[in-house]
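The values are calculated or read from the model by the stated rules, or taken from the named source; none is laboratory data. The shown structure was predicted, so the numbers you read here are calculated from the model rather than taken from an experiment. Cβ: placed from backbone, ideal geometry, glycine included. Neighbour counts: every protein chain shown. All accessible areas refer to the heavy atoms of the entire protein, side chains included, with ligands and DNA or RNA removed. Shrake-Rupley method; radii C 1.70, N 1.55, O 1.52, S 1.80 Å.
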Amino acid sequence: MSTKVRERTKGGVGESLRRVDGAPKVKGQFLYGSDLWAEDMLWGFTVRSPHPHARIRAIDISQALTYPGVHAALVAADVPGKKTYGLEIVDQPVLAWERVRYQGEPVALVAAADLETAKRAAERIKVDYEVLPAVADMEQALRRGAPRVHDHGNVLKHIHIEHGNPDVRADLWVDGYYETGMQDQAILGPESGMAVPAEDGGVDLYVATQWLHVDQEQVAPCLDLPKEKVRLHLAGVGGAFGSREDVSMHIHACMLALRTGRSVKMVYSREESFFGHVHRHPARIWMRHGASRDGKLICVRVRMVIDGGAYASSSPAVITNASTFAAGPYEVPNVLIDGTAVFTNNPPCGAMRGFGAVQACFGYEAQMDKLAARVGIDPVELRLRNALSTGSVLPTGQVIRGSAPVREVIRRCAALPLPPQPVERDPITYPGGAGNVSRGERLRQGTGFAIGYKNIAYSAGFDDSAEARVKLFAGAGGPVAEVHSAAAEVGQGVHTVLVQIAREELGIDQVTLHPPDTMVGSAGSSSASRQTMMSGGAVQLACRAVRDQLFERVRQWARTRGLTLAGELRIMGADVVTDGRRLAPVVDFLEQPVVATRVYHHRKTTPMDERGQGDVHVTFAFAAQRAVVEVDEELGLVRVVQVACVQDVGHALNPQSVYGQIEGGTAQGLGLAVMEEIQIKDGRVLNPSFTDYLIPTILDMPPVVSELVEEPEPGVPFGAKGVGEPSTVVSTAAIAAALRAATGRELNRVPVRPDDLIGLEPPRKSSGPPPAVKGVA
Amino acid sequence: MIIRLKVNGEWRQADVWPGASLLHVLREHLGLVGSKNACEQGECGSCSVWLDGDLVCSCLVLAAQAHEREVQTVESLAEGPRLHPVQEAFLEAGAVQCGFCTPGLIVAVADLLQHDPAPSELTIREALAGNLCRCTGYAKIIDAVKLAAQKMGNA
Ligand code: FES
Ligand code: FES
């Protein structure tokens, strides 16, 4: 009974454990939504509006119905229940009736024996449109007399934040106007899933998504089914980044399956994917920063308009975020921020990694550089002088209670080694070198610095709690813990972290995951960098409850044997131990499995009042980046040479995947800085393909040198902050700053184009003073 | 039309419409879904396979072109639970996130290392320029290639 026991569980918290889904992924055996297959299944296809704005006079599906191989053709009248759905405002038609409000809006559905047949039949559906004038510009949408996208007007949501005295005087002021383009998440795995009709009249939907339960809540009413009859299961997810927060093919596939009584699979093509999900909001931002002569911020005034497109999606939350972060991670005593999300006939915009904080950061960091130049101090020093810290008051009046090592993040980032200057270079390393267009004659280097921050978890009074169930049972090779959580693994690694947490808490080696579905309570969304904290917290609580129940059994067993257990009980590997001595194998107490289900809540937040004051966000994560770029002054081509990043992570539960998040997040920020934009003309998307919408390739990505600041966040599991977003928030701003340093140009719009860099295109001017919103400001 | 091809060492046939791509045949007719479809335009490399030993984007090859030829897919690399060194290296280096790009990259990297067992970083970047990954930012993919080269060199 005195065998020595191992001190730590292998594969617990803090280790760079390999991904639990890694082996099937490298073998090509991991099943994504687009890989699902069922005996006798049909393929669904969506007919979409070619017009950004039109009245539907009539739809004739008769030619499609008689096409050989077709099993169903459905229109709005066939939606069994509620005709609309939505994340925050229920305004998006399952299938359009009377009016279409954006190009690509779903109008009809077809199910056929194969995809090719479904597409051909879809061409035979005749929709009679009366084309209407489109509201194609976000500022035009706010003008008097603009056509209305919805009957209730074009203001989707307005946020007003007023703090201190925004009319205060300052020694010096800097003004700026900034624009950001519409970015696509460009998930590599397209929207996909399969609906399987069930014998109870319900349906099982296997779908690639970020939040099973919020889908279920939207899908069930549209099908006119009780929630229990709409069971969702997570199919393999090929990336998300916000694009899978909204419903895409979910309701459509279920409608077709219920109508035909057959399994129906739907997979979007790349082109359709550009129309099938929301994008990052384009923004126009007016900023005015007032400071003392020595560079202390006195006042920040911001007016921001973002284009929400045709339907609400998560625009209300995005503009809330963009507005609350508009002054940056700085102490500013006097603030006035007005943010408006507007409806237009452009594609709907919603969640994308960074969620409003990206656009704000591009603006406030450009302002900080302007201010540094005015004051005549180093941009890094200016940031240090104004940085937030624990105890600081934000523009919403919220006091930062958690960790906020902003100065450390800044200092360490500024101190990271600069890239070596190569003596000899392969021409491919010149900007545009892969295209063999440059010989590197007129190269200019520039360095830029930016910091930013992002909230973790949902805000403003929302309780996005997470549930998890843990079952401890006797397996063939010893005790096994099975974790059942609905948390969506979208590539970020949450499933691996949940396994690590269960190992850490229970002290056993064998931990398995139940497939995520709606048979356990909601885990909330895999977004807002929240799952490590929320579902991690739920697994931690459930494991502790399981352990308590198990130890109760152990104590009872000891009592019946007349043993006194003085020391603390622990599980180590396969044994229950006390005082470093093995008592008995864990499985001896598992004749019946031990099961516990627990819900984790983060601390409560509050909505903002009419002056934008409130305890709005749960907690914050900060990052700083320094970018080095090289610009070919003649050709306007760019190469990002290096990005250095320091991120505040609380505690890295899986360091390798934390670095992976930083590198991947930086790539998406780089994309917005220099290449990625959905181009829209009169409401029409001009580049819905990977040929025309460019995302960074391995040749575009520089080395990302990163370090972590680990100052545990009090009151959250393991002190860990979410890590998915801060790097995306900051890198666009850092790269833009470096491009300004290299060229001396204003560059107030991202993505920066070659024409901007060589001066063919002047800086963007606002169409006038910032637009006011009726009834506000 | 009926096409016949040798896939991962086994002769298979499928009845396809004339416009079908090799990727379509592999995924929809032969149940080999390891090769992914992310663009169907030759832009992303997710569908990379070997056709008679040459690396191709299977979305750009007509099924008819593969008639009576030999195709090798990502599914051929591991032997049961024993992973190919490139697969092993991807896991060890943390080069997999969502994994949708991974099968195409693994095939492309295995092909690169067949031709150049110790590629420089620049060579790696050039060789993989046609493989898009949206999740990783590529740093750990480069690490994985170097690691795989080491593993195979020592084997
Ligand atoms: S699917 Fe073939 S290259 Fe993208
Ligand atoms: S890992 Fe997701 S696309 Fe590469």
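Could you pull out every one of the strands (runs of 3 or more DSSP E) wholly within the stretch A:411-510 that has 1 or more residues that are aromatic (Phe, Trp, Tyr), within 16 Å of ligand 1 (Cβ to nearest atom) and buried (at least 17 other Cβ atoms within 10 Å of the Cβ)?
Ranges flagged: none.
Would you confirm whether any residue within the stretch A:700-723 is within 14 Å of chain B (Cβ to nearest Cβ) and more than 25 Å from A:PRO422 (Cβ to Cβ)?
For the stretch A:700-723, residues within 14 Å of chain B (Cβ to nearest Cβ) and more than 25 Å from A:PRO422 (Cβ to Cβ): present.
Quick one: which residue in A:ASP648, A:ASP632, A:ASP682 is closer than 20 Å to A:VAL358 by Cα and either in contact with a helix residue (DSSP H, G or I) (Cβ under 8 Å, 6 or more places away or on another chain) or away from chain B (no Cβ under 13 Å) (or both)?
Result of the check over A:ASP648, A:ASP632, A:ASP682: A:ASP648.
Conditions tested, residue by residue: (1) open to solvent by less than 20 Å² (accessible area, probe 1.4 Å); (2) at negative phi; (3) out of contact with any Leu (no Cβ under 9 Å at 6 or more places or on another chain).
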residue	(1), (2), (3)
A:LEU31	no, yes, yes
A:LEU36	no, yes, yes
A:GLU39	no, yes, yes
A:LEU42	yes, yes, no
A:PHE45	no, yes, no
A:SER49	yes, yes, yes
A:HIS53	yes, yes, no
A:ASP60	no, yes, yes
A:TYR67	no, yes, yes
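Please find, within the stretch B:106-130, the residue that is farthest from the other protein chains (Cβ to nearest Cβ) out of those that are open to solvent by 10 Å² or more (accessible area, probe 1.4 Å) and within 16 Å of ligand 1 (Cβ to nearest atom).
Filtering first and then ranking leaves B:ASP111.
Going by what's in this entry, would A:THR578 be described as over 30 Å from A:THR396 (Cα atoms), at pLDDT below 95 and open to solvent by less than 10 Å² (accessible area, probe 1.4 Å)?
When the stated conditions are applied, A:THR578 passes them.
Do you know which residues across the stretch A:78-104 are assigned to a loop (DSSP other than H, G, I, E, B), of a type in the set (A, V, I, L, M) and farther than 16 Å from A:HIS152 by Cβ?
Residues satisfying the conditions are A:VAL79, A:LEU87, A:VAL94, A:LEU95, A:ALA96.
Answer yes or no: is there a residue in the stretch A:715-725 that is within 25 Å of A:GLY356 (Cα to Cα) and either surrounded by fewer than 22 Cβ atoms within 10 Å (Cβ to Cβ) or free of Cβ contacts under 8 Å to residues at least 60 places away in the same chain (or both).
Among the residues of the stretch A:715-725, not one is within 25 Å of A:GLY356 (Cα to Cα) and either surrounded by fewer than 22 Cβ atoms within 10 Å (Cβ to Cβ) or free of Cβ contacts under 8 Å to residues at least 60 places away in the same chain (or both), which makes the answer no.
What is the one condition in (1) closer than 30 Å to A:PRO50 by Cα; (2) assigned to a helix (DSSP H, G or I) that A:ALA341 does not satisfy?
Exception for A:ALA341: condition (2).
What is the number of the single condition among (1) assigned by TED's automatic domain parsing to the domain that holds B:LYS6; (2) more than 16 Å from ligand 1 (Cβ to nearest atom); (3) charged (D, E, K, R) that B:LYS140 does not meet?
With (1) assigned by TED's automatic domain parsing to the domain that holds B:LYS6; (2) more than 16 Å from ligand 1 (Cβ to nearest atom); (3) charged (D, E, K, R) applied to B:LYS140, the lone miss is (1).
Yes or no: B:GLU92 open to solvent by 50 Å² or more (accessible area, probe 1.4 Å), within 13 Å of chain A (Cβ to nearest Cβ) and under 29 Å from A:ASN687 (Cα atoms)? Explain how you work it out, then say what you get.
Values: open to solvent by 50 Å² or more (accessible area, probe 1.4 Å): yes; within 13 Å of chain A (Cβ to nearest Cβ): yes; under 29 Å from A:ASN687 (Cα atoms): no.
No.
Assess whether B:ALA149 counts as being open to solvent by 10 Å² or more (accessible area, probe 1.4 Å) and more than 7 Å from every other protein chain (Cβ to nearest Cβ).
yes
Given the criteria at the interface with another protein chain (Cβ under 8 Å from one of its Cβ atoms) and free of Cβ contacts under 8 Å to residues at least 60 places away in the same chain, does B:ARG82 qualify? Working first, answer last.
Values: at the interface with another protein chain (Cβ under 8 Å from one of its Cβ atoms): no; free of Cβ contacts under 8 Å to residues at least 60 places away in the same chain: yes.
So B:ARG82 does not fit the description; no.
Could you look through the stretch A:344-377, keep only residues that are out of contact with any helix residue (DSSP H, G or I) (no Cβ under 9 Å at 6 or more places or on another chain) and assigned to a helix (DSSP H, G or I), and pick out the one that is least open to solvent (accessible area, probe 1.4 Å)?
That would be A:GLN367.
Going by the structure shown, is A:SER269 within 30 Å of A:ALA667 (Cα to Cα) and within 16 Å of ligand 2 (Cβ to nearest atom)?
no
So, in the stretch B:9-23, exactly how many residues are facing chain A (nearest Cβ under 9 Å) and part of a helix (DSSP H, G or I)?
Going through the stretch B:9-23 one residue at a time, the tally reaches 0.
Just the residues that are in a helix (DSSP H, G or I) and among the small types (Gly, Ala, Ser), please, taken from the stretch A:692-720.
A:GLY719
Name the residue, out of A:VAL107, A:VAL168, A:VAL127, that is touching a residue at least 24 places away in the same chain (Cβ under 8 Å), assigned to a loop (DSSP other than H, G, I, E, B) and among the hydrophobic types (A, V, I, L, M, F, W, C).
Only one candidate qualifies: A:VAL168.
From the list A:THR564, A:THR619, A:THR605, A:THR532, exactly one residue is out of contact with any strand residue (DSSP E or B) (no Cβ under 7 Å at 6 or more places or on another chain) and crowded, with 22+ Cβ neighbours inside 10 Å. Which is it?
The match here is A:THR532.
What helices (runs of 4 or more DSSP H) lie completely within the stretch B:68-155 and have 2 or more residues being of a type in the set (D, E, K, R) and either more than 12 Å from ligand 2 (Cβ to nearest atom) or modelled with pLDDT of 95 or more (or both)?
Details: elements: B:85-93, B:102-115, B:121-127, B:139-154.
Filter on the stretch B:68-155 gives B:85-93, B:121-127, B:139-154.
Go through the stretch A:84-101 and report how many residues are open to solvent by less than 30 Å² (accessible area, probe 1.4 Å) and more than 12 Å from A:ILE56 (Cα to Cα).
Number satisfying all stated conditions: 7.
Do you know which residues across the stretch B:27-74 are within 11 Å of chain A (Cβ to nearest Cβ) and open to solvent by 50 Å² or more (accessible area, probe 1.4 Å)?
Passing the criteria: B:GLU28, B:HIS29, B:GLY31, B:GLU40, B:GLN41, B:GLU43.
Which condition number in (1) assigned to a helix (DSSP H, G or I); (2) closer than 29 Å to A:LEU205 by Cβ; (3) in contact (Cβ under 8 Å) with a residue 60 or more places away in the chain is the one that A:GLN540 fails?
Against the list (1) assigned to a helix (DSSP H, G or I); (2) closer than 29 Å to A:LEU205 by Cβ; (3) in contact (Cβ under 8 Å) with a residue 60 or more places away in the chain, A:GLN540 comes up short only on (2).
Looking at the stretch B:29-52, is at least one residue away from ligand 1 (no atom under 11 Å from the Cβ) and assigned to a strand (DSSP E or B)?
yes
Would you tally the residues in the stretch A:313-337 being open to solvent by less than 10 Å² (accessible area, probe 1.4 Å) and in a strand (DSSP E or B)?
3
I'd like to check something: does the stretch B:59-67 contain any residue that is part of a loop (DSSP other than H, G, I, E, B), more than 16 Å from ligand 2 (Cβ to nearest atom) and touching a residue at least 60 places away in the same chain (Cβ under 8 Å)?
yes
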